[in-house]
Amino acid sequence: MYVESLEPEKVTQPYPLVLIHGDFHSGKVWLDKPDGNPGWAAYFLKQGYHVYLVDLPGVGRSGKHPSSTGGNVAKLSSLTPQTVEQELTCPEKYPWHQASAWETVARHTQWPGDGRQGDPIFTQYMASVTRQTQAQEALSALLQRTGKAILIGEGTGCIMAWLTTDVMHGLVAGVLSIEPSGPPFGSARSRGRLYGHRAVFDPEVREWGLADIPLTYDPPLPKPQAIIPDPTVDRRNNPLFPLCEYTNPEDPRKSCFMQNPVRVTEGGEMIFHQLLHLKKVPHAVITAEASSHSIFDWATVAFMRQVGLQVSWLRLEELCIRGNGRLMFLEKNSDEIALVLHKWMARLPAVRQGMVVPAPAPTLEAMPKPVPGPKSAPAPVSEVANGVVSLSCLWTLIRGKLMMNMAIKHMDTSGPSSTPVVQPQGMEAQHQIEAGWQFV
């Protein structure tokens, strides 16, 4: 994995930052914005952070070492589970496919296991080829060199940050997720690729809730079934989680998929599976007002809280930062958003000293319902642009800051705390480009 290290003239922050790009981007997305202005890397350098930019395995300057390819960077193609089944592990079980397959396909007999999705051997193989596993391993190796750091991801980069935290939680001071891929267990898009308020279940998307590959749950999740059920059959209770469709009580238009409680021992209390290691680290989710994520990030936050994570949901409109979309870190007011992240991170050292983890798994009686953020009328863009803030916008700003401080204060405690759970239903820096950081 290619890593670019950017060090300010004087490091004044206790933790370095690792910025993790999402789909269609590389680490360069943090350097300069399309309008020519400096990006978030420059902003955080000015605040005294040591900043690391990564090109995830198979992206940009990563892949094979440039010296071994004559300067040409290798690319890694992505394999879908269906492609692996049809082409690699059980092509002989697809009679409809044989007409266009090779003539010896029926002789394939040596793959161990069933060869289909859901088979433990198939799951293990997919984990070895998925980019999420590669990113988890590479980022873990990076943390072993940087020491404890704060991870900032965008989109699918948030998944990589969570996966890394799961195995390296002792070296992660906090995780900030810029509109993470979601919602859990499905998609917010319909077959017509239109976004909707009701999540569409997909058994092949984020089957571990926040990721497509294993995360550490307590109690442990059962092993996937050896044979995948008929794909036309509802799989919401198979193979990992007992799931239910949960309707947001504050907005009946919105629904997502959440855990149903389980009874681990006969006669024992009903509990939810908790993310054992991720709950040891403070989290924040940042959502822009005009982004598609504004209609489904609530589901990701709700699931994170259900599995025991302490999450600050920072909705930009509640901080009177308006008009941003999915690429908030590249837009005109990106420095305002970076300031929100900086203020949240400034509290992390005290948070880490005061956190007592892991918190006990809550009972059903102790589960609060998710409370969406307050709604307010948007202030005219011209008022904000001219430096004049309306009373409505000023109240929104004050209320948003109070909510943010309350979320941070909730984490900064000297004693055990109950875990909120959702009920089911141009750089000014010294550049150190370490192109030789090739992690396997």
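Determine the alpha carbon to alpha carbon distance for each of LYS10/LYS148; LYS280/LYS332; LYS46/LYS148; LYS28/LYS280 and list only those over 23 Å.
From LYS10/LYS148; LYS280/LYS332; LYS46/LYS148; LYS28/LYS280, over 23 Å: LYS280/LYS332; LYS28/LYS280.
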Counting only residues 5 or more apart in sequence or on a different chain, those whose built amide H sits under 5 Å from that of VAL200 are SER187, ALA188, ARG189
Quick one: grab the alpha carbon gyration tensor of the range 242-324, order the square roots of its eigenvalues as a ≥ b ≥ c, and give me rounded if a/c is under 1.5, else prolate or oblate depending on whether a/b is larger than b/c.
-> oblate
For LEU278, net neighbour charge (Lys/Arg +1, Asp/Glu -1) across residues whose Cβ lies under 12 Å away = +1
Out of the range 269-351, which trypsin sites (Lys or Arg not before Pro) are coil in DSSP terms and have no more than 15 other C-beta atoms within 10 Å?
-> LYS332
Charge sum, other residues only, whose C-beta stays under 10 Å from LYS332's C-beta, Lys/Arg counted +1 and Asp/Glu -1 = -3
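Any read-out appearing in this document is the output of simple, stated calculations on the displayed coordinates, not a laboratory observation. In this text, all values refer to a predicted model and were calculated from it rather than measured experimentally. Backbone-built Cβ (ideal geometry, glycine too); neighbour counts: all protein chains shown.
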